[in-house]
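Here is the structure we will look at, set down as structure tokens.
The values are calculated or read from the model by the stated rules, or taken from the named source; none is laboratory data. What you are looking at is a predicted structure, and each value in this text was computed from that prediction instead of being measured. Note: ideal-geometry Cβ built from the backbone for every residue, glycine included; neighbour counts use all protein chains shown. These accessible areas exclude ligands, DNA and RNA; they are computed on the full protein's heavy atoms, side chains included. Shrake-Rupley method; radii C 1.70, N 1.55, O 1.52, S 1.80 Å.
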Amino acid sequence: MTLLEVVARAVAALAAFLVLPLVVGQAEHKVMAHMQGRLGPMYAGGFHGWAQLVADGVKFVQKEDLVPAAADRWVFRLAPAVALVPYLVALAALPVHPGVAALEVPGSVLLVLAATSVGALGTLMAGWSSGNKYSLIGGLRAAAQLVSYELPLVLAVASVALAGGSLSLATLAERWSPWWLLWQLPGALVFLLAGVAELQRPPFDMPVADAELVMGAWTEYTGLRFAFFLLAEYAGIVVVSLLFAVLWLGGWHGPLPDALGWLWTLGKGLLVALAVIWVRVSWPRLREDQLQRLAWLWLLPLALAQVVLTAAGVVAGW
Amino acid sequence: MVSARDRRGRGGLPGVLKGLAATARTAVRPSHTAEYPDVAPTLPPRSRGVIALLEENCTSCMLCARECPDWCIYIDSHKETLPAATPGGRERQRNVLDRFAIDFSLCMYCGICVEVCPFDALFWSPQFEYAETDIRDLLHEKDRLGGWMATVPPPPALDERAAEPGEVAAANRPARGTGLVGGGGTRPPRTVRPRVVRDPPPQEPS
Ligand code: SF4
Ligand code: SF4
């Protein structure tokens, strides 16, 4: 790999990382507004407020960067980066087209899963270092949530890896067949729920529950660092949606010519992202104990059953 | 007993799906947002936007200023003596309005001044776009209050079988006293005095 190629890949991954979360964020603004009978942003940029998030970004940059006196300065400052960068790595490893991924590694499934769970560590660091009780409770809730939902998430992905017989996302997407839609359905549901929980999005947003914890682990953050956390959230949606599209919806498989495969992947990913937004608008936040109950009493057994089903299928040669 | 158990929050799957359906349904319907600065709002004709002053009608009687609950109407006036219209006639006095101002930073839009004015000098206008960057500019003087008269809507039409408005009824009534002054009266006198019949005075013996 020449230096030029490395630079080109890095730039492409960075561009996707800066554009796709904004697309999802803007979609959330508009879709949520219409689901609530509103119009959402209409002015920024002229056409239906398309530049609203850019305007928000400009505003965030202008704000003062505060560090509380009681905070653990270095951890506090590092936390947004820890929350953000893993999603960049995960996004780079996601294939969007046959043979097209910014970062090609053999075990990309493992890499993506590992990277996404590091992201939640940023929240934990933020909560721990802020010197604020709300932040601390938020951070600990995030940790508890991470522990309970990581397991069903990994099991669901493991089931697909088992079915496809590979740990590489590209290979798994190649071996995907429509029959998986039914065969892997329980695992898909588990992954969606656990993914939303891992992103700390409503209805699983207990770590930032604004009615109880002000803004949870992000309470003390201002300006650009706060914007990084928000960007991390939307980048997380992009990663989870694309991962779902690649593993369960067949990525670039579709009736159009093969050259348009990337369009299929992005389109399916966008649909999943819309579902994540839809769920946020429709459902109230769960209580902390309900969250744990759901994870351990429903999702985990379901994921285990899926793994058993997949194993049976693989052995039987489906 | 199952029925006695508290079943709140146990909607389970149906409730969850209902939530999704509700938001989806709202999303495909037109939204309720009023795009105000771009699209003028449709206000009911009698909405209380600003108070207009018809200066010609005002007699400086001060009733509005005295009834205003937060004393935000300012009136200055002086008396003028008009010379007699006919030689040997009587001089007349009248009030001249020097200043009439309403402070809309204090006004609470109760409408008492409009109600209380006996001479129909104050009117509600639905115009509401007079926000200012300086609060002192919300004190509208006479000419500005007069300018709002152009935005006062005509009074709403009467209901189909409503009684005639007082002014119209008064104008249609036959002029008073035609029977007595004009001669050949059609109306009988209202009161009839009983004829007093007295005994003739006793004759004095002469
Ligand atoms: S509407 Fe305003 S000016 Fe008129 S009486 Fe009420 S408070 Fe006073
Ligand atoms: S009550 Fe009417 S007539 Fe009297 S001062 Fe006020 S506006 Fe003028």
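Things to note:
- Region A:12-81: chymotrypsin sites (Phe, Trp or Tyr not before Pro) in DSSP loop, at most 11 other beta carbons within 10 Å: A:PHE47
- Dipole magnitude (debye, nearest 20) for region A:89-246, charges at Cβ of Lys, Arg, Asp, Glu: 80 debye
- Pairs beyond 29 Å (Cα-Cα), from A:LYS133/A:LYS268; A:LYS30/A:LYS59; A:LYS59/A:LYS268; A:LYS30/A:LYS133: A:LYS133/A:LYS268; A:LYS59/A:LYS268; A:LYS30/A:LYS133
- Value of relative contact order over region A:57-312, rounded to a whole percent, pairs C-alpha under 8 Å and six or more apart: 27 percent
- Residues losing 30 Å² or more accessible surface upon assembly, region B:17-34, compared with the chain by itself, 1.4 Å: B:LEU20, B:THR23, B:THR26, B:ALA27, B:SER31, B:THR33
- Inter-part distance where region A:55-106 and region A:136-156 are each reduced to a Cα centre, Å: 20 Å
- The 3J(HN,Hα) values that the Karplus relation (6.51, -1.76, 1.60; θ = phi - 60°) gives for region A:162-171 are, in residue order, 5, 5, x, x, 7, 10, 9, 4, 4, 5 Hz. Gly and Pro appear as x.
- Integer Hz, Karplus 6.51/-1.76/1.60 couplings in order for region B:110-115, x for Gly and Pro: 6, x, 5, 4, 5, 5
- Applying Stokes-Einstein at 20 °C and 1.002 mPa s to the Kirkwood radius of region A:172-318, computed over alpha-carbon pairs, gives a translational diffusion coefficient of 126 µm² s⁻¹.
- A straight Cα-to-Cα reach below 12 Å connects B:LYS142 with the aspartates and glutamates B:GLU55, B:GLU56, B:ASP76, B:ASP98, B:ASP103, residues fewer than 8 places away in its own chain not being considered.
- Residues of region A:8-41 buried by at least 20 Å² of accessible area upon assembly of all protein chains, compared with the chain on its own (1.4 Å probe): A:HIS34, A:MET35, A:GLY37, A:LEU39.
- Positive-pole candidate from A:ALA16, A:PRO68, A:VAL31, dipole of chain A, charges at beta carbon: A:VAL31
- Selection from B:ALA163, A:SER130, A:PHE228, by position along the positive dipole direction of the protein assembly as shown (Cβ): B:ALA163
- Derived scalar couplings between HN and Hα for region A:262-276 equal 4, 5, 4, 4, 5, x, 5, x, 5, 4, 4, 4, 4, 5, 4 Hz in order, rounded to whole Hz, by the Karplus curve 6.51 cos²θ - 1.76 cosθ + 1.60 (θ = phi - 60°), x for Gly and Pro.
- Cα convex hull, the protein assembly as shown: 391 Å³ per residue, rounded to a whole number.
- Of the residues in region A:269-285, those shielded by at least 20 Å² of accessible area once partner protein chains are present, compared with the chain alone at a 1.4 Å probe, are A:TRP278, A:SER282, A:TRP283.
- Residue list for region A:181-213, given a label point 7 angstrom along the Cα-to-Cβ vector of A:ALA312 and an amide N cut-off under 19 Å: A:181-190
- Scaled radius of gyration (Cα, divided by 2.2 N^0.38 Å) that region A:57-312 gives: 1.02
- Taking the Cα centre of region B:120-174 as reference, the dipole from Cβ charges on Lys and Arg (+1) and Asp and Glu (-1) amounts to some 200 debye.
- For region B:8-143, the percent of C-alpha pairs falling in each 5 Å distance bin, counted from 0 to the bin holding the largest distance, reads 2, 8, 12, 14, 11, 9, 7, 6, 6, 6, 5, 4, 3, 2, 1, 1, 1, 1, 0, 0.
- As a fraction of the 1.4 Å probe accessible area of the protein assembly as shown, surface on carbon and sulfur atoms comes out at 64 percent.
- Shape descriptor for region A:118-197: Rg over Rh equals 1.16 (Cα atoms; Rh from the Kirkwood inverse mean 1/r).
- Taken across both chains, chains B and A shield about 1100 Å² of accessible surface from a 1.4 Å probe.
- For chain A, the longest principal axis of the C-alpha atoms and the axis of helix A:108-129 are separated by about 20°.
- Net charge dipole size for the protein assembly as shown [Lys, Arg +1 and Asp, Glu -1 on Cβ; Debye, nearest 20]: 1500 debye
- Region A:1-102 - Kirkwood radius from inverse mean 1/r over Cα pairs (Å): 16.7 Å
- Solvent-accessible heavy-atom area per residue, rounded to whole Å², over the protein assembly as shown at 1.4 Å: 59 Å²
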